[in-house]
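**Q** Got a structure for you, questions after.
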């Protein structure tokens, strides 16, 4: 009775916390309220259970969490959120499976828990791999990395074979497919080892259970393939949608687990998270003028349609840092359009420095244009610029920025491509037709900082780069901004 | 059956609450909201605790429960902390 009341309290705290997180002023407290809710829920559960071992497991998990959260760089945030999310999904799979093993309330809910949790986990694994750039890129592995890589795939394959021998060919095929798909990878991200350990544990569990002849793990394996395939075909620019979607799944997996063990606090919290993920993916889809189905099926047309790159880029003009500094000197209003390239080059501090300098020296107004899908997760650019101490009042949304674009003297595009491609407005046959964009081409002058003329995710050339009013600065984003700032100081 | 219907009722109503609570989030907060709600999805730790803590359960189930506790706690603690770090960077001028 008391326990259920405490669960009710925890669920209420989650709702209040999430509500507060929707407003910048209350967001910090909202997060703390959510954490308090979690504390209440855990505290209500502990009495009456065999404590010591539980505490050990909790301390181990918490310690890992603290280390991961305090070490991660802001530029690696998409990977970090993905990693944590995947672990949550894996936990749901294990709980639902363990409950099944103990002969508890099986059935639809257990199946749903396993299914959704597994899709989340394996989907996350691939998304994480793509973000950390260790998947599908060939590079020499260190011996132990190779051992983990082949060991893991081997284990999954062994588990699959075991279940196939045990009269379960579907699980066998599914497991083999996962094993094969996961072979493609490389590493660059430290948290990878945690992910690998988790994958390994899950694989061991799956193999053990498959040997026990449980249909549940067949389902988990099949869902794993689904998760891998779902994420495999999705390219960089669709990543924000997928990340939001998988976030939603992890909530639904928790809710399904709640059904299995008949616990309302799991159901309520899972539903809340599910809803927030769905809302976010909806926002991301609208920002690309695409439907969710279209994104998930990876139905981008490729480079075939539209004009050829050579043709478009015949009139491209390159510029220098000095020339950009000169432009900035006479500018009254400057708009900076950041994209994934800024994150890759970790240029946010250099960008901020230049913006402050231009405001101080030349008295111009500098604002930032934030496209909702710029970067690799929802709100990616906002987080990076916040890290660089840019006040969020300077970050403008599309409508506001486009309304004032014609009175903008200099628009600096840094590491963005598809989100400033005017073909979205002008060419109805283009793969990005109808996508809302930042109208950088309507500014009086446009400077594009980019390492080369390589295409963005959509794989189409960008006529903006060849416009008469556009100047290209072919440089790494951070170098470029440091050099422009030096040139501004020299004036 | 009524039990299941009761739980289903809770689930559906909570979804509606979720949609109501989280409409019109400013883009600035998209990432923190995602990682914060992600931490809340670590609530599955409750299920893990129940599973691992029941002495009468088979060893396999309890082992899975322990693994799940570790994973879910990483999710919970890491999630809330990382969100806190991010949110503290956002400031007004």
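The values are calculated or read from the model by the stated rules, or taken from the named source; none is laboratory data. Just so we're clear, the structure is a prediction, and the values are computed from it rather than from any experiment. With ideal geometry, Cβ positions are generated from the backbone for all residues, glycine too; neighbour counts draw on all protein chains shown.
**Q** Is it the case that some residue within the range A:83-102 is assigned to a loop (DSSP other than H, G, I, E, B), modelled with pLDDT under 80 and in contact with a helix residue (DSSP H, G or I) (Cβ under 6 Å, 6 or more places away or on another chain)?
**A** Kept after step one, since they are assigned to a loop (DSSP other than H, G, I, E, B), are these residues of the range A:83-102: A:102.
Among the residues that remain, those that are also modelled with pLDDT under 80 are: A:102.
Keeping just the survivors that are in contact with a helix residue (DSSP H, G or I) (Cβ under 6 Å, 6 or more places away or on another chain) gives A:102.
Yes, the range A:83-102 has at least one match.
**Q** Right, something else. Quick check, is residue A:37 in a helix (DSSP H, G or I), surrounded by 16 or more Cβ atoms within 10 Å (Cβ to Cβ) and within 22 Å of the chain's Cα centre (by Cα)? Steps first, please.
**A** On the way: in a helix (DSSP H, G or I): yes; surrounded by 16 or more Cβ atoms within 10 Å (Cβ to Cβ): yes; within 22 Å of the chain's Cα centre (by Cα): no.
Judged against the criteria, residue A:37 is not a match.
**Q** Please determine whether any residue of the range A:391-414 is surrounded by fewer than 21 Cβ atoms within 10 Å (Cβ to Cβ), under 23 Å from residue A:344 (Cβ atoms) and over 23 Å from the mean Cα position of the chain (by Cα).
**A** yes
**Q** Every residue in the range A:29-45 that is closer than 12 Å to residue B:49 by Cα and at the interface with chain B (Cβ under 7 Å from one of its Cβ atoms), please. Working first, answer last.
**A** Here is the first cut: in the range A:29-45, the ones closer than 12 Å to residue B:49 by Cα are A:41-45.
Of everything in the range A:29-45, those that are closer than 12 Å to residue B:49 by Cα and at the interface with chain B (Cβ under 7 Å from one of its Cβ atoms) turn out to be A:41, A:42, A:45.
**Q** Failed condition for residue A:386, given (1) assigned to a loop (DSSP other than H, G, I, E, B); (2) within 30 Å of residue A:80 (Cα to Cα), with all others met?
**A** Single failed check for residue A:386: (1).
Residue-wise test of (1) modelled with pLDDT of 80 or more; (2) within 30 Å of residue A:27 (Cα to Cα).
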residue	(1), (2)
B:52	yes, no
B:57	no, no
B:61	no, no
B:65	yes, no
B:69	yes, yes
B:73	yes, yes
B:80	yes, yes
B:84	yes, yes
B:88	yes, yes
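**Q** Just to be sure before I move on: is residue A:22 out of contact with any strand residue (DSSP E or B) (no Cβ under 9 Å at 6 or more places or on another chain), outside any helix (DSSP H, G or I) and buried (at least 17 other Cβ atoms within 10 Å of the Cβ) in the structure I sent? Please lay out each step first, then the result.
**A** Values: out of contact with any strand residue (DSSP E or B) (no Cβ under 9 Å at 6 or more places or on another chain): yes; outside any helix (DSSP H, G or I): yes; buried (at least 17 other Cβ atoms within 10 Å of the Cβ): yes.
When the stated conditions are applied, residue A:22 passes them.
**Q** Assigned to a helix (DSSP H, G or I), surrounded by fewer than 24 Cβ atoms within 10 Å (Cβ to Cβ), touching a helix residue (DSSP H, G or I) at 6+ places or on another chain (Cβ under 8 Å) and modelled with pLDDT of 75 or more, is that true of residue A:112?
**A** Numbers: assigned to a helix (DSSP H, G or I): yes; surrounded by fewer than 24 Cβ atoms within 10 Å (Cβ to Cβ): yes; touching a helix residue (DSSP H, G or I) at 6+ places or on another chain (Cβ under 8 Å): yes; modelled with pLDDT of 75 or more: no.
When the stated conditions are applied, residue A:112 does not pass them.
**Q** Looking at the range A:438-445, is at least one residue under 22 Å from residue A:347 (Cα atoms), in a loop (DSSP other than H, G, I, E, B), in contact with a helix residue (DSSP H, G or I) (Cβ under 6 Å, 6 or more places away or on another chain) and modelled with pLDDT of 90 or more?
**A** The answer is yes; a qualifying residue exists.
**Q** Take the residues in the range A:283-307 that are more than 10 Å from chain B (Cβ to nearest Cβ) and modelled with pLDDT of 70 or more; name whichever of them is nearest to the chain's Cα centre (by Cα).
**A** The initial filter retains those residues of the range A:283-307 that are more than 10 Å from chain B (Cβ to nearest Cβ), namely A:285-286, A:288-307.
Now restrict to residues that are modelled with pLDDT of 70 or more: A:285-286, A:288-293.
On the way: A:285: 14, A:286: 17, A:288: 16, A:289: 19, A:290: 18, A:291: 18, A:292: 16, A:293: 18 Å.
The residue in question is A:285.
**Q** I would also like to ask the following. Only one residue in A:394, A:469 is under 30 Å from residue A:23 (Cα atoms) and not assigned by TED's automatic domain parsing to the domain that holds residue A:282, so which one is that?
**A** Residue meeting the stated conditions: A:394.
**Q** Would you pick out the residues in the range A:406-437 that are within 20 Å of residue A:240 (Cα to Cα), touching a strand residue (DSSP E or B) at 6+ places or on another chain (Cβ under 9 Å) and part of a loop (DSSP other than H, G, I, E, B)?
**A** Within the range A:406-437, A:415, A:416, A:417 meet the criteria.
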